[in-house]
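Undergrad: Okay, here's the structure, questions in a sec.
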């Protein structure tokens, strides 16, 4: 129950919220931090599950309780989830590469399975599972939506394990659990400059003159979602999402060429861009991969990820807009807000 002091009457009134206590896994991530803060702002008691203490500073808030845990440890998950009403599961292994191949399966599938087992045991009212738009596959003649059959094979272990987790989660939904899947696209905006915020990092590098490459011929289409829109989408999924359904949380579709035209216009930088066609990208990615194995460092790009750049990834958020009330801010305005933030943070 949320209490509100009316400035006109000085009376203490209250409103009811169906979900009052929320567990957020992956709370210290790019999406996790603003989601926790937005939930706290709306009156939720938030349990923020984290692994690394040094990443928790942005979450210091009277409505947020920090709890160290690991989604791969069932007991840890069960303890974190006690007395919660809703769970937002964001924790995942979203990297391009791992020296241990089973890392993707262990975290993305088995970790999600621990969430579902614990949610069932703790009688959680609603679970929001974060997947990725990558599981839906590339687009061909039209924008991809949630119910289209994937036409291409999975490109990497991240997509594969996320798709496996979705199948498992839908089985829980069919057995009565109120679980909803959200599929964010290429999310960008103010916040943590992590791997998950790669689009913003790319914009920052362009501004500094250090990113001058157009993947392929520059015409491949991607979908770019602003962080604030995505966070609102998560909360709308709790309020209005239908059991067993998935929702694309996206933004505008545009080619790499058009993307950099907007970034150039907003940033005031106008660099000559060089096209890097697939054969060259594949050759370089193999070199990066060999270096990674020799020196035990993450590669800049892997061959399986390089192949994705030759496809279109045009997506539709129409279902989320109609069923959830999801909204999309204009891309150029979001880019402007992102650069304003980077200036405030003295990144530019």
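Undergrad: Output the residues belonging to the range 149-190 that are closer than 14 Å to residue 245 by Cβ and part of a helix (DSSP H, G or I).
TA: Result: 166, 169, 170, 172, 173, 174.
Undergrad: Still on this structure, please answer the following. Applying the selection to the range 322-336, what residues are part of a helix (DSSP H, G or I) and either over 21 Å from the mean Cα position of the chain (by Cα) or surrounded by fewer than 16 Cβ atoms within 10 Å (Cβ to Cβ) (or both)?
TA: 322, 323, 332, 333, 336
Undergrad: Determine whether the range 305-319 contains at least one residue that is touching a residue at least 12 places away in the same chain (Cβ under 8 Å), under 25 Å from residue 182 (Cβ atoms), touching a helix residue (DSSP H, G or I) at 6+ places or on another chain (Cβ under 6 Å) and outside any helix (DSSP H, G or I).
TA: yes
Undergrad: Which one is surrounded by the most Cβ atoms within 10 Å (Cβ to Cβ) among residues in the range 232-279 that are more than 23 Å from the chain's Cα centre (by Cα) and in a strand (DSSP E or B)?
TA: Step by step, filter the range 232-279, then rank; the result is 276.
Undergrad: When you scan the range 136-152, how many residues do you find that are closer than 17 Å to residue 166 by Cβ and in contact (Cβ under 8 Å) with a residue 40 or more places away in the chain?
TA: Residues that pass the stated criteria total 5.
Undergrad: Any residue in the range 33-52 that's within 23 Å of residue 78 (Cα to Cα): show its pairings with residues that are part of a strand (DSSP E or B) and at pLDDT below 95 at Cβ separation under 9 Å, as long as the two are six or more apart or on different chains.
TA: Listed pairs, sorted by first residue: 44/2.
Undergrad: Considering only residues that are out of contact with any helix residue (DSSP H, G or I) (no Cβ under 6 Å at 6 or more places or on another chain) and either surrounded by fewer than 24 Cβ atoms within 10 Å (Cβ to Cβ) or farther than 17 Å from residue 69 by Cα (or both), which ones fall in the range 32-46?
TA: 37, 39, 40, 41, 42, 43, 44, 45
Undergrad: Quick check on my filter: what residues within the range 174-212 are buried (at least 21 other Cβ atoms within 10 Å of the Cβ) and more than 30 Å from residue 345 (Cβ to Cβ)?
TA: 179, 180, 181
Yes/no per residue for (1) at pLDDT below 95; (2) touching a strand residue (DSSP E or B) at 6+ places or on another chain (Cβ under 6 Å):
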{"site": "26", "(1), (2)": "no, no"}
{"site": "29", "(1), (2)": "no, no"}
{"site": "38", "(1), (2)": "no, no"}
{"site": "41", "(1), (2)": "no, no"}
{"site": "48", "(1), (2)": "no, yes"}
{"site": "52", "(1), (2)": "yes, no"}
{"site": "67", "(1), (2)": "no, yes"}
{"site": "70", "(1), (2)": "no, no"}
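Undergrad: Could you check the range 281-306 and list, in sequence order, the residues that are surrounded by fewer than 17 Cβ atoms within 10 Å (Cβ to Cβ) and within 25 Å of the chain's Cα centre (by Cα)?
TA: Of everything in the range 281-306, those that are surrounded by fewer than 17 Cβ atoms within 10 Å (Cβ to Cβ) and within 25 Å of the chain's Cα centre (by Cα) turn out to be 297, 298, 300.
Undergrad: Any idea how many residues of the range 118-146 are surrounded by fewer than 20 Cβ atoms within 10 Å (Cβ to Cβ), modelled with pLDDT of 95 or more and either out of contact with any strand residue (DSSP E or B) (no Cβ under 8 Å at 6 or more places or on another chain) or part of a helix (DSSP H, G or I) (or both)?
TA: So the count comes out to 5.
Undergrad: On to the next question. Being out of contact with any strand residue (DSSP E or B) (no Cβ under 7 Å at 6 or more places or on another chain), closer than 30 Å to residue 141 by Cα and modelled with pLDDT under 90 is the filter here, so list the residues in the range 286-315 that pass it.
TA: Of all residues in the range 286-315, those out of contact with any strand residue (DSSP E or B) (no Cβ under 7 Å at 6 or more places or on another chain) come to 286-308, 310-311.
Pick out the ones that are also closer than 30 Å to residue 141 by Cα and you get 301-308, 310-311.
301, 302, 303, 304, 305, 306, 307, 308, 310, listed by residue number.
Undergrad: Just wondering, is there one or more residues in the range 87-108 that are more than 23 Å from residue 134 (Cα to Cα) and buried (at least 18 other Cβ atoms within 10 Å of the Cβ)?
TA: No, the range 87-108 contains no residue that is more than 23 Å from residue 134 (Cα to Cα) and buried (at least 18 other Cβ atoms within 10 Å of the Cβ).
The values are calculated or read from the model by the stated rules, or taken from the named source; none is laboratory data. These numbers were taken from a predicted model, which means no experiment stands behind them. Methodologically, a virtual Cβ is constructed for each residue, glycine included, from the backbone with ideal geometry; neighbour enumeration extends over all protein chains shown.
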